[in-house]
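The values are calculated or read from the model by the stated rules, or taken from the named source; none is laboratory data. As the structure is a prediction and not an experimental result, all values here were calculated from the model. Virtual Cβ from ideal backbone geometry, glycine too; neighbours counted across all protein chains shown.
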């Protein structure tokens, strides 16, 4: 059985439009599923493909390391602001005792809406939205056929009543 030393999740979707330099608000949740109090550190990383553009520590109450009690979850509301777009922003949770990154979350930040999300770490392939078909454009021929059917039925009734 593999022991889990911690888990991280947040309120951001897997991708979103982003303008460089604008703050992003997120509630970050850190869970300690172990039977001892643990110290953790958060590290943010901006990547484009395999290239790391920036790495920076995320402080909690001005400190690099923060404690999460046994079997507890802490909520860390805050903002992120980076000078890049069309990148994957990853937040890594490092356990002090083991020195390992025990969990991470990522969001794809793109300047062009949802068409060109960058590849998120840990996910195979490119994250792309499902194209939406314009229902009204495809209904045009159906409406014409429906109108012809109503007209034909109306004309048939008119001839029967004479």
### Task
Give the residues of segment 78-89 that are outside any strand (DSSP E or B) and surrounded by 13 or more Cβ atoms within 10 Å (Cβ to Cβ), sorted by residue number.
82, 84, 85, 86
### Query
farther than 17 Å from residue 102 by Cα and without any contact (Cβ under 8 Å) to a residue 60 or more places away in the chain, is that true of residue 23?
yes
### Filter result for the condition that a residue is assigned by TED's automatic domain parsing to the domain that holds residue 104 and surrounded by 14 or more Cβ atoms within 10 Å (Cβ to Cβ), over 61, 32, 75
32
### Query
Within the bounds of segment 42-51, is there any residue that is in a strand (DSSP E or B), loosely packed, with under 15 Cβ neighbours inside 10 Å, assigned by TED's automatic domain parsing to the domain that holds residue 100 and free of Cβ contacts under 8 Å to residues at least 60 places away in the same chain?
yes
### Task
Using the structure shown, decide if residue 18 is under 20 Å from residue 110 (Cα atoms), surrounded by 15 or more Cβ atoms within 10 Å (Cβ to Cβ) and either assigned by TED's automatic domain parsing to the domain that holds residue 78 or in contact (Cβ under 8 Å) with a residue 40 or more places away in the chain (or both).
yes
